[in-house]
1. Please give me the summed charge of the neighbours of Lys338: other residues whose Cβ is under 11 Å from its Cβ, Lys and Arg +1, Asp and Glu -1.
2. What's the center-to-center distance, using Cα atoms, between the stretch 208-232 and the stretch 330-355 in Å?
3. With no solvent and one equal point scatterer per Cα, compute the Debye intensity ratio I(q)/I(0) for the stretch 231-390 at 0.17 Å⁻¹ and report its log10, rounded to two decimals.
4. Hey, what do the phi angles of the stretch 33-40 turn into as Karplus ³J(HN,Hα) couplings, whole Hz, using 6.51/-1.76/1.60 and θ = phi - 60°, x for Gly and Pro?
5. Quick one: putting +1 on the C-beta of Lys and Arg, -1 on the C-beta of Asp and Glu, what dipole do you get for the stretch 64-144 around its Cα centre, in Debye to the nearest 20?
6. Can you give me the distance in nm between label points at Asp133 and Ala366, each placed 7 Å from the Cα along the Cα-to-Cβ direction?
7. Give, as a single signed number, the net charge of other residues whose beta carbon lies under 12 Å from the beta carbon of His72, with Lys and Arg counted +1 and Asp and Glu -1.
8. What do you get for the angle between helix 375-385 and the principal long axis of the chain? Use alpha-carbon atoms, 0 to 90 degrees, nearest ten.
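The values are calculated or read from the model by the stated rules, or taken from the named source; none is laboratory data. All values derive from a computational prediction rather than experimental measurement. Backbone-built Cβ (ideal geometry, glycine too); neighbour counts: all protein chains shown. Side chains are part of the model used for accessible areas, which takes the heavy atoms of the whole protein and leaves out ligands, DNA and RNA. Shrake-Rupley method; radii C 1.70, N 1.55, O 1.52, S 1.80 Å.
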Amino acid sequence: MRTQVAIIGAGPSGLLLGQLLHQAGIDNVILERQSGDYVLGRIRAGILEQVTVDLLREAGVGAGVAAGGTVHHSIELVFGGARHPIDVHGLTGGRVVTAYGQTEVTHDLMQARRAAGLATVYEAADVTPLDFDGDRPRVSYRKDGSAHVLECDFIAGCDGFHGVSRKAVKEHVSEYEKVYPFGWLGVLADVPPVSPHAIVYGNSERGFSLCSMRSLTRSRYYVQCPLDDKVDDWSDQRFWDELRRRLDPDLAGRIVTGPSIEKSIAPLRSFVAEPMRFGRLFLAGDAAHIVPPTGAKGLNLAATDVKYLSSAMIEFFSERSPAGIDHYSQVCLKRVWKAERFSWWLTSLMHRFPDTDGFAQKVQEAELDYLVHSKAASTALAENYVGLPL
Ligand code: APR
Ligand code: PHB
């Protein structure tokens, strides 16, 4: 089999890339290790920057977010038992974010790919990128026990943090990593969100909390928890009680509880692999970088990688110009590191660290107070939250 671009991984990065290339008339095949249902079962963050919303529209899949997304003009910080709004819209000259889940984004992209009749091989085993340092790369894989080879012009490694693409180049990669000493326990429930028009980020002496949403009838909440906690340690009742204790009394009194439909514990990590291009193999999204979820930058960074990568490939095929692919890594990493900095900063500001001493605690409290009382400081938060310019 032959295609122009072999895409490894059918998460949001791979699916969005496939769609943008298809719109430009570039043939592509996606090889995915899991089943489609498995991919859709993973619950991730749900805040889209405008650049991501625009890109989904460009890719021909903007209808879902236009109909089901909720525009947010502000965020709220809870600390010291009180709520402090940050007017993101006002501070950024009218920019906003949209609450729309990654599961929904993935679903919309999958449906568009199916409708366009594009090839996706689910449950592809032993996917291996080959010969990408020359101009005739290939990807080998197994499907239902038989061996296959996909010949191509480029390979896009969109296979997430645990994928095979970065492993294939590991001796040429510099890795930068920070692992945080806590996790997030997340609950999804079919109850109306307590704060439908602003995500709430809470810092209390009991730890971090977050009130988010998937729609006006589906909520997503999180509490910071020790890394060795197990989901089974957390009954629904324990979760709701803990969440309430970490919020201000007004919000706590208004939380509508209900049975969880998903509950999981996620570790928090910052990670960057450099460079993001190896001959004709490109890394995009979580394959190249991870941010802690505070600030919801993961999907947005993946989308901007894909924006740069699709433009570079389109330029190559239409004009035979390698300029875009030559600059891909450098251009992405510039934006990646800014989002890494922001996600690390917001994580450090909003969580309780197990080894924090009295001085560090007082500095954190002073920074929170400064943030909500200084226009300069809240503007810095707001402009990063809506996404820095491309
Ligand atoms: N072969 C084929 N597919 C693979 C392999 C492999 N060896 N390894 C992993 N994959 C698949 C995974 O099963 C997954 O479906 O690659 C896909 C990667 O998807 P994601 O992990 O969702 O990564 P990405 O598409 O880059 O999306 C980034 O996801 O983790 C969030 O916060 C992150 O929102 C961001 C987004
Ligand atoms: C989510 O909706 O899951 C979410 C929202 C905002 C964040 C992180 C996660 O910062």
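1. For residues surrounding Lys338, the net value is +2.
2. Cα centres, the stretch 208-232 to the stretch 330-355: 20 Å.
3. Listed by q, the Debye log ratios stand at -1.12.
4. Whole-Hz 3J(HN,Hα) from phi for the stretch 33-40: 5, 9, 7, x, 5, 4, 4, 6.
5. 140 debye
6. Here the modelled spin labels are 5.2 nm apart.
7. The answer is -2.
8. The angle comes out near 40 degrees.
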